[in-house]
1. Suppose R0 equals 30 Å; then what is the FRET efficiency for A:Glu97 and A:Glu65 from their Cβ-Cβ distance, rounded to the nearest 0.05?
2. Putting +1 on Lys and Arg Cβ atoms and -1 on Asp and Glu Cβ atoms, find which of B:Ala131, A:Ala276, B:Gly114 reaches farthest to the positive end of the dipole of the protein assembly as shown.
3. Hey, can you grab everything whose amide H is under 5 Å from the amide H of A:Ala132? Only 5+ residues off in sequence or another chain; H modelled, so Pro and N-termini drop out.
4. Please state the charge dipole magnitude for the protein assembly as shown, taken about the Cα centre, from unit charges on C-beta atoms (+1 on K and R, -1 on D and E), reported in debye and rounded to the nearest 20.
5. Which listed residue (B:Gly261, B:Ala201, B:Gly247) has the Cα farthest towards the positive end of the charge dipole for the stretch B:164-279, taking +1 on Lys and Arg C-beta and -1 on Asp and Glu C-beta about the Cα centre?
6. Using Cα springs under 10 Å in a Gaussian network model of chain B, which residue among B:Ala290, B:Ala47, B:Ala246 shows the largest mean-square fluctuation?
7. Considering only DSSP beta bridges whose two residues both sit in chain A, what percent are antiparallel, to the nearest 5?
8. With an 8 Å cut-off on Cα pairs and a minimum separation of 6 or more residues, tell me the relative contact order of chain A in percent.
2 protein chains.
Amino acid sequence: MIVTVTLNAALDVTYEVERLVVDESHRVRSVAQRAGGKGINVARVLAGLGHDVTVTGLAGGATGELIRADLRAAGLPAALVDVAGDCRRTVTVVQREAPGATLFNEPGPLITPGEWDRLLRHLRALVADAAAVVLSGSLPPGVPLDAYALLVGLARDAGAPVVLDADGAALRAGVQAGPDVAKPNLAELRAATGLAELGRACAALRRAGARAVVASLGAAGLAADTAEGRWKAEPPLSVDGNPTGAGDAVVAALTAGLVAGRSWPERLADAVAVSAAAVHAPLAGDVDEAAYAAARERVRVVPW
Amino acid sequence: MIVTVTLNAALDVTYEVERLVVDESHRVRSVAQRAGGKGINVARVLAGLGHDVTVTGLAGGATGELIRADLRAAGLPAALVDVAGDCRRTVTVVQREAPGATLFNEPGPLITPGEWDRLLRHLRALVADAAAVVLSGSLPPGVPLDAYALLVGLARDAGAPVVLDADGAALRAGVQAGPDVAKPNLAELRAATGLAELGRACAALRRAGARAVVASLGAAGLAADTAEGRWKAEPPLSVDGNPTGAGDAVVAALTAGLVAGRSWPERLADAVAVSAAAVHAPLAGDVDEAAYAAARERVRVVPW
């Protein structure tokens, strides 16, 4: 079983409007809602790839209830710790005949020290059976800034490998506890290390504690710096679609490859192909199987 | 008691962001929520002016519960008919250091014929004691297009005067039943009549059935076409602030003047002053009392 942790679970709401114009009033043509937050999206992809997953993290309030109901409807096993605050929403506005999306991310509920302690106890029990632990996404207010360092340590104590997808201070703190893989995107990697050049930034994040770094480069694919070597994995062609879930698909595929003990070049090729298939799917967290198979044959993995 | 009807009640959510850029991702700095929909905002202003009000309309789902809870917290008596669907949200995005607002209005829940019948029975009982009835705002899906004509008729049968603030087909149908006052804004008036010139458009709406028409002209104030004469009421100076609730404040003041039997010039001067005070207040539905008193002394009402 793979455990994905979503500390700041969200209800992802998508509005379709005719055309988005700042300072105007818009009639929303359609409203779609689903459970979100990066860890939940990773779990969705892992389940789609055939893995046993358990979604955990923090959820509360009426919005938390909607998140739990959507996870049940999707058949995703969840063991979320209840909190008093109401979960956040994210609102994504898409235009009817234009690519791209405008996102509004609420900060999330204030977590009390008691709720955080309950999560730690809960997770300690859960990771005893875990093949891997995924720590993904932003921290809600009230959670300690070194939250991911505590969770990485807790998973490693239980012998479970850890994949970390975080940003800013949460990423910097988390890598110090030695996650097996850190997966920043290029902007996050640069911000966390203060270094613009990809190779130097990856090396700096490894020196800080990450055992391997996989940087996602958008349409250019992935760059990995690992104990076994450095590779770049390039997608077959640029893929049109919804890039929101692309990073979560990369995390899911890297975790699946870690659990299966595949070689780094194989893991990276899988991750690029799964990501291309996720971009092709209309909703974050879904994967288009035909697009995966087509992409997987044509990914190029090269040393750098 | 004044009854305000909100068929498409909403939870009005306001997001503050640093700067709104289409196709980018935004961290929401603060989230504010309150019960909304035009009829509820009108009730808030009427209560602030010291009137006995009852909020009615349709509300359902988890969002409906949040609307009811906010009305209770505000001390606004509510008798809403429960529906199965979830009430809509509106999302208003404001930028930290810029005026203006970007609005996203969800369509609202699908109302069943049975729910609509329940509303009619409920309202028939409620208007027996009403000094006036306010019909305000959009229609949710499933409600008959001539909903406002039915409700105007129902109120008039009970001897209660009616103020109608609607748009498009709902306005065109509603005026045919002879409301005492119709309050479109200039764009709504032009769209409903197909006439660009203010005087001719007002006259056409009266011919269609409205006993009086008050058109709101934004910063230029109000224009009224009534059986007693035609007046324009001009605000003392342009008022900076949040214009979202200005039209609802006009409706509230016009209704209060109708109930009190004040002359049309008095009603219009009050309406412009209350509206200026509402624009001055940070949230739709609130009225700044000092701003009201200052504006009231300086409104000019002139025949046209």
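Every number here is computed from the coordinates shown, using simple stated rules; none is lab data. Bear in mind the structure is a predicted one, so any value in this text is a computation, not a measurement. Positions of Cβ are backbone-derived with ideal geometry, glycine not excepted, and every protein chain shown enters the neighbour counts.
1. 0.30
2. Farthest towards the positive end: A:Ala276.
3. So A:Ala132 has HN proximity to A:Val3.
4. That gives the protein assembly as shown a dipole magnitude of about 280 debye.
5. B:Ala201
6. Taking springs between Cα atoms under 10 Å, the residue moving most is B:Ala290.
7. Roughly 45 percent of the DSSP beta bridges within chain A come out antiparallel.
8. Once normalised by length, the contact order is 15 percent.
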